[in-house]
1. Looking at (1) in a helix (DSSP H, G or I); (2) modelled with pLDDT of 85 or more; (3) crowded, with 18+ Cβ neighbours inside 10 Å, which is the only condition residue 335 fails?
2. How many residues, within region 158-204, are open to solvent by 30 Å² or more (accessible area, probe 1.4 Å), touching a residue at least 40 places away in the same chain (Cβ under 8 Å) and not in a helix (DSSP H, G or I)?
3. Residues in region 407-421 that are surrounded by fewer than 16 Cβ atoms within 10 Å (Cβ to Cβ) and over 29 Å from the mean Cα position of the chain (by Cα): how many?
4. Tell me which residues, restricted to region 100-119, are open to solvent by less than 40 Å² (accessible area, probe 1.4 Å) and not polar (S, T, N, Q).
5. For region 247-299, give me each residue that is farther than 19 Å from residue 342 by Cα, polar (S, T, N, Q), in contact with a helix residue (DSSP H, G or I) (Cβ under 9 Å, 6 or more places away or on another chain) and surrounded by fewer than 20 Cβ atoms within 10 Å (Cβ to Cβ).
6. Could you grab me the full set of residues in region 379-406 that are within 18 Å of residue 368 (Cβ to Cβ), open to solvent by less than 50 Å² (accessible area, probe 1.4 Å) and modelled with pLDDT under 85?
7. Looking only at residues that are small (Gly, Ala, Ser) and surrounded by 15 or more Cβ atoms within 10 Å (Cβ to Cβ) in region 340-369, which one is modelled with the lowest pLDDT?
8. Kindly establish whether residue 122 is surrounded by fewer than 23 Cβ atoms within 10 Å (Cβ to Cβ), over 17 Å from residue 210 (Cβ atoms) and in contact with a His (Cβ under 7 Å, 6 or more places away or on another chain).
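The values are calculated or read from the model by the stated rules, or taken from the named source; none is laboratory data. Note that this is a predicted model, so its numbers are computed, not measured. Cβ atoms come from the backbone with ideal geometry, glycine included; neighbour counts cover every protein chain shown. Remember, those area values only see protein heavy atoms, side chains included, never the ligands or the DNA or RNA. Shrake-Rupley method; radii C 1.70, N 1.55, O 1.52, S 1.80 Å.
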Amino acid sequence: MGPARARAVPSTVAGVYGAAAALTAWALAATFWSGVEEPRVALAFGALVAVGELARWGDGTDGADGDTVRECAPLGSAGALAYALLGRNAGHATHHGVLQAVAVVLAAALVGAVPHVALGRGPSLDQMARRVLTVAFAAACFQPLYNSGALELWVGHGPYYALFLLLVLVLTALCDAVLAAALLRARTSFPYGPLLRDELRALLGVGSAVCATGAVIALAVAVAGLWALPVFCVPLLLTQLAFRRYAAVRTTYRQTITSLARATEIAGYTQPGHARRVAVLSRAVGRELGLSESELTVLEYAALMHDIGQLSLVDPVPAGATAPLPAAEQRRIALLGGAVVRQTGVPAEVAVIVERQADPYREQPLPARIVRAVNAYDDLAGSPGGPGGSLSSLSALEQLRLGTGRDYQPEVVESLARVLARGCLTLAAPG
């Protein structure tokens with residue numbers, strides 16, 4: 001990693017954290033100094049945000065490379081956005097402003113996060129910083145216009161008012177996506193474009209539901225008062241609890257696949273940690289090449305189980321390294337592995353990648369090209385008893401470059417070289 005990039009990585013994170021911290025200090029000081037406007041409304045929305053945080057799942061990271069989960073507490077996020085965009089309560093104008101919105105949301109989120117922090121799985125600093133900045137952005141787009149009367153003059157309180165709220169929420173969601181991608185880019189040095197594209201795709205799922213719910217809550221409270229909060233939020237809370245169960249099932253599913261992949265290690269066919277290293281590196285290379293989140297998940301599963309066909313061998317391959325085997329034998333092992341994978345219930349795309357990993361790269365789908373190159377790299381650089389006698393990383397990469405005429409796609413090898421040069425994936429280190 002060059003000096004310029006080394007300086008840029010912490011500066012992005014520090015800039016976001018610094019802005020969030022300064023805004024937090026300003027909001028808390030101003031609210032403490034001037035007092036809380038409409039304390040009953042602030043308490044109600046604060047309770048909503050706190051309950052949403054209590055019902056959150058996870059610590060904000062997921063995936064083999066620590067990707068940030070898009071939304072762990074949708075109810076808390078919807079309540080925070082609704083308070084930022086609240087102009088009326090049962091027909092009476094509110095006057096809490098931007099700074100109080102930030103202070104109330106942050107205080108409630110911290111209260112709701114206490115039990116999770118005690119259990120060691122509280123929200124990440126990235127998530128808290130994003131929450132502060134996005135709530136401030138939404139409130140800054142709405143509160144000054146509403147409190148000055150300009151918004152009522154421009155759009156009134158009819159359908160154009162609702163459309164304006166949705167517009168602000170769309171802009172807020174885009175702001176959050178930009179921040180999330182920038183933070184992940186700073187921590188991993190992956191290309192910013194694919195990261196931002198993944199964040200924008202996520203807005204079509206839980207993100208859009210959160211934004212829509214935030215607008216509905218703000219509009220409902222404006223007409224019906226605070227009694228609208230439980231009416232509109234109980235369904236979202238139940239949905240959040242269902243998502244929490246789904247996340248637990250997904251985690252168990254991944255753990256099951258990881259355990260199945262370790263069968264070759266336990267049986268002595270592959271080196272300890274080989275499947276895990278190939279999965280982590282493959283995911284990183286796939287992200288470098290711009291694969292989507294769903295494609296990365298399929299790639300990770302295939303990389304974990306790429307060697308499972310070796311269980312059919314009578315005698316294990318030395319150090320589990322299949323790269324030096326004859327092409328026909330590699331193909332036979334790959335086909336047997338694909339047949340096993342098809343019985344595990346994973347998506348069919350995973351079996352296809354396992355089956356095609358021994359083909360010439362011009363005949364392979366991109367994920368199979370990635371698995372093949374990364375597997376060969378780990379065989380050369382990560383296996384002391386392998387064909388390369390545990391080559392250095394540079395020597396192993398040179399071996400791969402020599403095989404780019406038939407076996408390895410040059411773009412994949414160079415992407416692997418860039419990932420290794422950054423040195424941000426400790427599990428991918430040889431040995």
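1. The single condition residue 335 does not satisfy is (3).
2. Final tally of qualifying residues: 1.
3. Qualifying residue count, region 407-421: 0.
4. The initial filter retains those residues of region 100-119 that are open to solvent by less than 40 Å² (accessible area, probe 1.4 Å), namely 100-106, 108-109, 112-113, 116.
Answer for region 100-119, where residues must be open to solvent by less than 40 Å² (accessible area, probe 1.4 Å) and not polar (S, T, N, Q): 101, 102, 103, 104, 105, 106, 108, 109, 112, 113, 116.
5. Once the filter is applied, which keeps residues that are farther than 19 Å from residue 342 by Cα, polar (S, T, N, Q), in contact with a helix residue (DSSP H, G or I) (Cβ under 9 Å, 6 or more places away or on another chain) and surrounded by fewer than 20 Cβ atoms within 10 Å (Cβ to Cβ), region 247-299 yields only 292.
6. Just the residues of region 379-406 that are within 18 Å of residue 368 (Cβ to Cβ), to begin with: 379, 400, 403-406.
Still in the running and open to solvent by less than 50 Å² (accessible area, probe 1.4 Å): 379, 400, 403-404.
Answer for region 379-406, where residues must be within 18 Å of residue 368 (Cβ to Cβ), open to solvent by less than 50 Å² (accessible area, probe 1.4 Å) and modelled with pLDDT under 85: just 379.
7. The first filter runs over region 340-369 and keeps only residues small (Gly, Ala, Ser), leaving 345, 348, 351, 358, 368.
Still in the running and surrounded by 15 or more Cβ atoms within 10 Å (Cβ to Cβ): 351, 358, 368.
Numbers: 351: 90, 358: 86, 368: 93.
Ranking the qualifying residues of region 340-369, first place goes to 358.
8. Working: surrounded by fewer than 23 Cβ atoms within 10 Å (Cβ to Cβ): yes; over 17 Å from residue 210 (Cβ atoms): yes; in contact with a His (Cβ under 7 Å, 6 or more places away or on another chain): yes.
Considered against the rule, which asks whether it is surrounded by fewer than 23 Cβ atoms within 10 Å (Cβ to Cβ), over 17 Å from residue 210 (Cβ atoms) and in contact with a His (Cβ under 7 Å, 6 or more places away or on another chain), residue 122 comes out as yes.
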